[in-house]
Amino acid sequence: MDIESKFSRRSMVKWGLLSAAAAPAMPRLLGDDAVAQEMSLGAGNELFGVVGGRDGAKLFTGEALRGGGQMEIRLNQSIHTDDPDELEVANRLRPFDPQSWYNEWRRVAEINEEFGEAYEADNLRLSANTYYLRAFRFYRAAIIYQEDTDATMLPGYMKMMDMFNKAWEMARPPFERVKVMVDGNELDGYFRKPGGPPGTRFPTVINYLGADSMAESTILGRGSYVARGLAFLVIDLPGQGAAKRLKHLYMEPDTERYVSDLVDYLETRPDVDANRIGLLGQSMGGYSAPRAAANEPRIKAVTMAAGSHDLERDLFDYFPPIQERVRWIIGARDLADTKRKIRDFTMEDVARRIECPMLIGYGPTDRIMDPEGAYRLYQAAVNAPRQMWSGGGHPHHTAKSGGPRIRRLPTEQDWLARTLGAI
C-alpha cells in the first residue's frame, strides 16, 4: 500500500496533519488501532509522525531491470562535496568499475597517509592525527563494497585499521576500546560517553550496524548523541566488520542473542545506568534492532534509520546489488542458499512482542531498504508505543549518486535523549 502517494505532504499540511499536535492522529486516520507515541522535538517534528512507506511517484525502482533503478548508488561518487580529494575521485572514477573504485580511493588515501607520516616525523601529532584519519576514511571507502572473494579485501581492511590505530596514537581518543564476550566469542568494540562528575551513570545506546558499516567509523560519528548525554557502545557483531572478516562469524536471524550479551556487559559498568539502555539500528540494523528489542526486555527504547519487517522483501529482493554482501553476512554458500536462509530474518509473529517505545525511520524514496517494510513493521508492532519518522532511510546515497542534498534533522538523537532521560 502506497501511503505517501495517498496522503501527499501538501494535503497533510493542508489538513494540519504534520503539526506536532496532529501527529498522534495519523495512525487513527490510517486505520491503525495502536497508540502513537507523542513527543515534541522542536524543528525535528517536521517529519516526525508522518506514517507512510514508499513514494511511488518519486522512486524509480526499475523492477524489470537487473539491479533496478537503484544500481547507480554503489560504486558511484558524487561531486556534491567541497572536499578536494573526494572531488578528485569523482572526476577520475569510472562508474560501476570496482577496480577503478578501489584504485582511486586508495590513491587519495595514500596521499593523506604520506601527509600523516610527515607530520608525525615532525612531532606535529594533532596534524598527524587529522591526516591519518583522512587516510582511514579513504581506505575504508576503497574497500567498502569488496566481497570475501576479492584478493584485496583483507589487506585493504588491515590497512584501514592501521590508519585508524595510528591516528589514535597521535591524540587521545574520544572512546574506550572494549572487548565483550558475545555468543561465546570475544569481540572488539568501542564505548564512548559524555563528560560528567565521577560516579555518573549514563543512559546508553547500543548501535546495531548495517551491511557495510564498521565500528570504527560509527563510533567517530556518534558525537551528536554523546553531546546529548548518551553513552554509546558499538561492537562489530557476527556478520559485521572485524567479526566477519577476521573471525568468520556470520549473522543469525535471532539478533537478540547478541544484544542480550551486550546488555549483560553494560550492567557490569559503573558508568552505565542499566535501567536506561536503548538500541539504534542503521540500514540492515533496521531489522536487527527491533528484533532484539522484541526479545530483550531490558531494552527501554529502540529506533532505526531504515525500519524493516523482513529482510527478504525489504533488502534482498528490493536491492539486488547487495545480494552478494548479504550472502557473506549470513554465511550462505551461494545466492540460492542466501534466498532460503534470509526468509528466517523476519519480524512476522515477533513484532507484536515489542513493548518499549519505538521510533521507526524510513525514507519515502529510499532505494536500498524498501520503505514499505518500515510501514509493515509499524502495522505489526501493535503493543509498542510507536511513531514513524519519514526523515530516515538512506538519503546520503541519493546525494552520493548525484541527487539533491536532503536536510537531516537530529530527530533520532533528540528522541533517544528524551526517551531515555538523558541530561
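The values are calculated or read from the model by the stated rules, or taken from the named source; none is laboratory data. Just so it is clear, the model here is predicted, and its values are computed rather than measured. Cβ placement follows ideal geometry from the backbone for every residue including glycine, while neighbour counts extend to all protein chains displayed.
Details
- Looking only at residues of the stretch 60-106 that are among the β-branched types (Val, Ile, Thr) and at pLDDT 65 or above, we find that the one that is surrounded by the fewest Cβ atoms within 10 Å (Cβ to Cβ) is Ile79.
- Restricting attention to the stretch 120-144 and to residues that are more than 24 Å from the chain's Cα centre (by Cα) and touching a residue at least 40 places away in the same chain (Cβ under 8 Å), the residue that is surrounded by the fewest Cβ atoms within 10 Å (Cβ to Cβ) turns out to be Leu126.
- The stretch 325-349: number of residues that are among the small types (Gly, Ala, Ser) and in contact (Cβ under 8 Å) with a residue 12 or more places away in the chain: 1
- Matching residues in the stretch 315-330 - criterion: being within 18 Å of the chain's Cα centre (by Cα) and not in a helix (DSSP H, G or I): Tyr318, Phe319
- Selected residue (only one of Leu126, Leu87, Leu75 is aliphatic (A, V, I, L, M) and part of a loop (DSSP other than H, G, I, E, B)): Leu75
- Qualifying residue in the stretch 277-296 (condition: in the same structural domain as Gly363 (by TED's automatic domain parsing), among the hydroxyl-bearing types (Ser, Thr, Tyr) and more than 18 Å from His394 (Cα to Cα)): no
- Among the residues of the stretch 348-367, those identified as surrounded by 24 or more Cβ atoms within 10 Å (Cβ to Cβ) and part of a loop (DSSP other than H, G, I, E, B) are Ile354, Tyr362, Gly363, Pro364, Asp366, Arg367.
- Within the set Leu233, Leu237, Leu262, the sole residue that is more than 13 Å from the chain's Cα centre (by Cα), closer than 24 Å to Trp415 by Cβ and assigned to a strand (DSSP E or B) turns out to be Leu233.
- Residue tally, condition assigned to a loop (DSSP other than H, G, I, E, B) and not polar (S, T, N, Q), over the stretch 196-227: 13
- Unmet requirement for Asp183, which otherwise passes all of (1) among the charged types (D, E, K, R); (2) touching a Pro at 6+ places or on another chain (Cβ under 8 Å); (3) within 26 Å of Pro84 (Cβ to Cβ): (3)
- Test: Arg245 is in contact with a Ser or Thr (Cβ under 8 Å, 6 or more places away or on another chain) and of a type in the set (D, E, K, R): no
- Across the stretch 273-297, the qualifying residues are those that are charged (D, E, K, R) and in contact with a Leu (Cβ under 9 Å, 6 or more places away or on another chain), and the one among them that is modelled with the lowest pLDDT is Glu296.
- Given (1) within 18 Å of Ala306 (Cα to Cα); (2) touching a residue at least 40 places away in the same chain (Cβ under 8 Å), number of the condition Gly221 does not satisfy: (2)
- Top-ranked residue in the stretch 196-211 [being buried (at least 18 other Cβ atoms within 10 Å of the Cβ) and not hydroxyl-bearing (Ser, Thr, Tyr); ranked as nearest to Arg418 (Cα to Cα)]: Pro203
- Considering only residues in the stretch 149-195 that are assigned to a loop (DSSP other than H, G, I, E, B) and basic (Lys, Arg), the one that is surrounded by the fewest Cβ atoms within 10 Å (Cβ to Cβ) turns out to be Arg172.
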